[in-house]
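To start, the structure under review is shown below, and the notes come after it.
The values are calculated or read from the model by the stated rules, or taken from the named source; none is laboratory data. Since the structure is predicted, the reported quantities are computational estimates derived from the model, not experimental observations. Because the Cβ atoms are built from the backbone with ideal geometry, glycine has one as well, and the counts that use them run over all protein chains shown. The protein model used for the area step is the full one, side chains on, heavy atoms only, and it has no ligands, DNA or RNA in it. Shrake-Rupley method; radii C 1.70, N 1.55, O 1.52, S 1.80 Å.
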Amino acid sequence: EEHEAYENIGDPDLFRVYARGLTGKVKGLIFGHFREVQELPAIYDRIIFGIDYGYTNDPTVLVKVYCWGRHCYVQEIIYQAGDVTAQELKDALLANGYEHGQMIYSEADPNMINQLRLLGVGIYPAIKGPGSRIAGISKVRQYECFYYRSPNFKNELGSWKWVEAVDQATGKEVVTNQPMD
């Protein structure tokens, strides 16, 4: 299924990179500034955890972010399709150095947040309002960002692109400031 998905990528630049393994510049890539690193930093100001819950086909993602000034290093802890229980999330957090009081931001799912809080995990919902998606993208792009040895994270970064449109005056294709859904 994964191979078939790569073979059916419609964007020619993405197809060249992901299906054929060739180098290329992906036009309109939102998070093209992320770079892969082979080790995590020894010095950091703070650690933040983030959770995005997957339902059925979407993956549940748990990341640990090491912040140091304007540098962020993202470590994938969980990337799993379908449901992941609150207990599994708590166990993964504890196994990866979570200490009570550390910041954990999550998708605003009241049920999962409540289950995690009942297990003693302090978690805060990331409330998404109008314009929050673009504001979040803008904030992330202010940092020098790295990810630690994660093919899943690399693939996710490649799927975040700006919508392209045709400029009516010139007839040329331009990149907008709206992310693809």
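Annotations
- Mean separation of Cα contacts under 8 Å (6+ apart) over length of the chain, as relative contact order %: 23
- From the coordinates of this entry, log10 I(q)/I(0) by the Debye sum over Cα atoms at q = 0.11, 0.18 Å⁻¹ is computed, and it appears in [x] -0.57, -1.38; [y] -0.50, -1.25; [z] -0.43, -1.33 under the label [x].
- Cross-link partners for LYS64 among the lysines, with Cα-Cα distance under 24 Å and sequence neighbours closer than 8 places in the same chain left out: LYS90, LYS128, LYS139, LYS154, LYS161.
- Put simply, when 155-161, 93-99, 49-55 are sorted by average Cβ atoms within 10 angstrom per residue, most first, you get 49-55, 155-161, 93-99.
- Between the range 20-73 and the range 113-181, the alpha-carbon center distance in angstrom: 11
- Degrees, to the nearest 10: 86-95 long Cα axis against longest axis of the chain: 90
- For the range 29-119, trypsin sites (Lys or Arg not before Pro) meeting the loop criterion (DSSP other than H, G, I, E, B) and having at most 13 other Cβ atoms within 10 Å: ARG70.
- Cα pair distances of the range 31-126 binned at 10 Å [whole percent]: 15, 49, 30, 7
- For the chain, the solvent-accessible area with a 1.4 angstrom probe is 62 square angstrom per residue.
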